[in-house]
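S.K.: A single structure is presented below for examination.
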């Protein structure tokens with residue numbers, strides 16, 4: 001018989017209680033992520049709260065000591081993110097306590113998250129299995145002059161609201177799960193470019209404000225060349241400013257383009273799954289839709 005997790009947790013000389021993340025002021029959440037060196041702005045927290053659900057761990061005087069969020073897509077799948085506790089509290093069980101509360105809310109769903117090095121032991125203990133490395137690439141963008149748009153087979157243009165259904169379908173083919181509400185919300189906060197072959201959308205890339213500057217993602221395409229073609233305009237638009245992209249690609253034309261565009265690898269996290277794995281990691285070069293860049297490490 002499974003025991004229901006407690007609504008409070010005693011750690012050392014103080015106790016923590018659970019709270020709904022929607023009831024916490026944005027400046028407190030912002031301070032919480034800053035304390036562990038994460039770049040999220042208050043606006044990024046608000047976007048995430050509007051896109052998903054979450055818990056916070058509070059001490060006796062209401063300080064935020066931990067957080068965990070989940071983002072449901074359909075009836076069978078969710079991503080988990082913004083799991084933040086101090087290293088000391090995590091070793092004392094705070095992270096596991098929060099995650100078990102999340103499990104209550106996502107019961108029956110397959111789960112995916114992106115784990116920092118510090119959190120991997122926690123997720124392994126909760127039956128998450130490693131999938132693939134995510135490369136966090138970032139820096140001051142510079143428009144790359146090598147390689148050319150002339151090689152692109154198709155037309156590149158800015159995307160609009162009328163293109164959202166096609167982007168949702170392409171994202172579902174690349175990611176493995178339909179994320180209709182998330183893609184619609186991302187479009188509302190992003191600039192978007194797409195590659196068309198005739199009337200068909202074959203690749204797209206979104207770019208929105210995030211953290212220290214802007215983040216490019218998701219990027220979905222059928223080949224490295226197509227992925228480069230839809231990301232290149234964002235690099236041009238933000239040349240000279242901070243740009244970030246999170247990708248599973250560690251080699252090939254796309255990875256080289258990202259590096260040459262001023263975004264070398266800054267850090268890595270590990271994609272992990274619990275339950276059925278999504279079939280979205282294809283052989284490089286296969287002419288099928290592939291997620292070349294994540295919407296974010298939290299959202300997948």
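S.K.: Once Rh is set to the Kirkwood radius over Cα pairs, what Stokes-Einstein translational diffusion coefficient, in µm²/s, holds for the range 136-293 at a temperature of 37 °C and a viscosity of 0.692 mPa s?
M.R.: In µm²/s, the coefficient rounds to 210.
S.K.: As a test, work out the antiparallel percent of DSSP beta bridges whose residues both lie in the range 136-293, rounded to the nearest 5.
M.R.: Around 90 percent of the beta bridges assigned by DSSP in the range 136-293 are antiparallel ones.
S.K.: Can you tell me the orientation of helix 224-237 relative to the chain, as the angle in degrees between its alpha-carbon axis and the longest Cα principal axis, to the nearest 10?
M.R.: Compared with the principal axis, the helix lies near 80 degrees.
S.K.: Run through the DSSP bridge list for the range 56-116 and note the antiparallel percent, rounded to the nearest 5.
M.R.: 70
S.K.: How much of the DSSP beta bridge set in the chain is antiparallel, as a percent to the nearest 5?
M.R.: DSSP beta bridges in the chain are roughly 90 percent antiparallel.
S.K.: Another question about this same structure. What number, in percent, do you get for the relative contact order of the chain if the mean sequence gap of Cα pairs under 8 Å and at least 6 apart is divided by its residue count?
M.R.: 21
S.K.: Figure the gain on full extension for residue 251 and residue 199 (residue separation times 0.36 nm, minus the Cα-Cα span) and round it to one decimal in nm.
M.R.: Roughly 15.7 nm would be gained on extension.
S.K.: Label the range 8-108 by shape, choosing from rounded, prolate and oblate, from the square roots a ≥ b ≥ c of the eigenvalues of the Cα gyration tensor; if a/c is under 1.5 it is rounded, and otherwise prolate applies when a/b is larger than b/c, oblate when it is not.
M.R.: Cα axes put the range 8-108 in the oblate bin.
S.K.: Which order, highest average first, do 99-106, 253-260 follow once you tally other Cβ atoms within 10 Å for each residue and take the mean per peptide?
M.R.: So the order, starting with the most tightly packed, is 253-260, 99-106.
S.K.: For the chain, what does -39500 (n - 2.57) per DSSP helix run (n ≥ 4), summed and divided by total residues, give at 222 nm, in deg cm²/dmol to the nearest 500?
M.R.: Helix contribution divided over all residues of the chain: -8500 deg cm²/dmol.
S.K.: Among [x] 30; [y] 43; [z] 38, only one was calculated for this model; which label is it, if the read-out is percent of Cα pairs over 28 Å apart?
M.R.: [z]
S.K.: Measure nothing fancy, just the Cα-based angle from helix 164-175's long axis to the longest principal axis of the chain, in degrees from 0 to 90, nearest 10.
M.R.: The angle comes out at about 70 degrees.
S.K.: Once the Cα atoms of helix 180-189 and of the chain are each reduced to a long axis, what angle between those two axes, in degrees from 0 to 90 to the nearest 10, is obtained?
M.R.: The two axes meet at around 70 degrees.
Coordinate-derived values only; no laboratory data. Remember, predicted model here, so these are calculated numbers, not experimental data. Positions of Cβ are backbone-derived with ideal geometry, glycine not excepted, and every protein chain shown enters the neighbour counts.
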